[in-house]
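Heads up, the thing below is written out as structure tokens.
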């Protein structure tokens, strides 16, 4: 704990609660503007014990006394949690963490102590201080701890104490590393929690589960005023007389969209039309990290703690300029007179100019994105069909702008804008965590936007399939033969790279061995896991083997289709095998089908699914155990042939099944349980996989629903892209709105007649 106050700049003054609330409100914009939230929700603070985090903890305790209904993002704030992570990298760190917890209690913050268990990550014999990337690994483990706590406690806001001096050091490090203007923005005031990409409920997910609760945290149901407003708005846009005439005349036959995909594959002609798929739900939500102190210097944070008597704790490793690059930059800034261009005011102005430039080009890319026509977005297969508009360079009346250098600068600028648009489209399909940089999309921009080629660079590359960032671009024939539609799908898996997969554990043997299969019970929904960076998957099952979610493989297609064909008689003549072929042709053409998630069983479950039988008969199990015991005895002594003869004699002895059943119910037959376990292990050792279902297409083996249920969702997609997907363009004309109302009316009328959907 500090006892001697440091030397402060004369102009440094303490941060007032009003200033802090203004800074917090400026960065914590509502994530769900249409949600009505009146429940106070806690926030989490990342507290290290330094002067910056202790000042943040003090200021957060003044939120409710200043404004009881102050909202951070979508909810009013309740008492904060102070999360203290002990890295255990130096002596006395545990004692210091306890002191920080005690100081937070005095401030009125709910403290939560956490300790990183290094032996679970690097092993018991290794030392974390010997790691070459210690700072990166410690950051990863720290954010994982914070994300798990926020997920369990339904906390959507995490505040960190990064301040103006930290921003200066970050920009300096990136400048020394050669970053461009996008990297020189520095730390963003608001961002999704990092290092938690596969934690459901922490990273861009959890909103669907919240809406399924009885009392969701985000209430999207419109109130009475909202419903009245919607009615008035619809009445203003719709002419009842015109709609009545059009309904009586009947709907046109071309109301459906994307019908060209039915004829995309020549094999599809003359075959069964694919049924309509229910689109997967799209995830949203997660934990947001906010940095409300970026506009305040460290001197002001020190003044805040001194004026209010807030203790803090100094980490002596921050003074070691040889430990990290940040420490070296901090030492250089404090102990040397740098050139004016590298001093703090100049670097911060550079960061502001870079942020302004990024905001300008992003806004221009969003305007151009409004001209992009997304015909169809299929989350079930992870595909997008899009038509890209032509870039037309604006005419400039000035003579200087007609020079070749000026024209080349304009072309380079619009090529960059086109690359940003492609990055947004890539984000809908790619399984990668990081998108390709605009400079890496040069060839793709030349192929998709031929009008942006320089005059002397030669003809544009012809439209052909192209793979980048895990996305496969495929040109499709357009009905008007004037523009090219592109199919964006997940790129096929490479043979020399391991396939992505997630595993769900089976029902434990101890809960099954004394029961018939019909009496097996589930353990509840499993934890939601991320598959291939695109699908969130969870299971509810009572199967005796592990379930594997992996890509659909070609070698399992024929056995799976034959199994569906064998079950058609039990389904009343419904040809599910024909439906499988039609759905794959329509929604996952070509090699796209081999990127779909599939559910595999690690044991052949045909008998269990068709007849509900799993265990062999009790006499067979006992005889198997006797054979195993006699074989072991024969192998341990002389005369193995005599042991085999004794086994045959005992195998022919009758077994009292009534006695066996009674001992099973009393759980007193350990030999039977061991024999059943050995029998299951023999099945598992065979390494056979059986394809059970394609969950995103809703196709599975017969009677599988009695043993297995799944819940698959697609990852978060940008709201602006969803608007383009839903309406084709950013704005809807009155004619388009009337057509959609007629479509809805016709759908409802056919539903009343018992028809499941529109005839495509």
Margin query: Within a 10 angstrom radius of the beta carbon, how do 304, 387, 617 rank from fewest other beta carbons to most?
Written below: 617, 387, 304
Note to self: If I take the Cα coordinates of region 128-195 and project them onto the principal axes, what are the three extents in Å, biggest first?
What the structure shows: 39, 33, 19
Notebook entry, point to check: What full-extension length gain, to one decimal in nm, is calculated for residue 318 and residue 484 as 0.36 nm per residue of separation minus the Cα-Cα distance?
Noted result: 54.1 nm
Notebook entry, point to check: Which order do 69, 614 fall in if you start with the one that has the fewest other Cβ atoms within 10 Å?
Noted result: 69, 614
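What FRET efficiency would be calculated for the residue pair residue 336, residue 130, taking the C-beta separation as r and a Förster radius of 25 Å, to the nearest 0.05?
Calculated transfer efficiency: 0.20.
Work out, step by step, the length gained on full extension between residue 187 and residue 364: first 0.36 nm times the residue separation, then minus their alpha carbon distance; give nm to one decimal. Could the numbers behind the result be given before it?
Working: separation 177, 0.36 × 177 = 63.72 nm, distance 2.25 nm.
Additional length available on full extension: 61.5 nm.
Could you put 594, 535, 290 in order, starting from the residue whose Cβ has the fewest other Cβ atoms within 10 Å? Walk me through the intermediate numbers first.
On the way: 594 17, 535 25, 290 22.
Ascending number of Cβ neighbours within 10 Å: 594, 290, 535.
Quick note: the coordinates plus some simple rules give every number you see, no bench work behind them. Here the structure is a predicted model, which means the values were calculated and not measured. Neighbour counts are summed over all protein chains in view; Cβ atoms, including those assigned to glycine, are modelled from backbone coordinates with ideal geometry.
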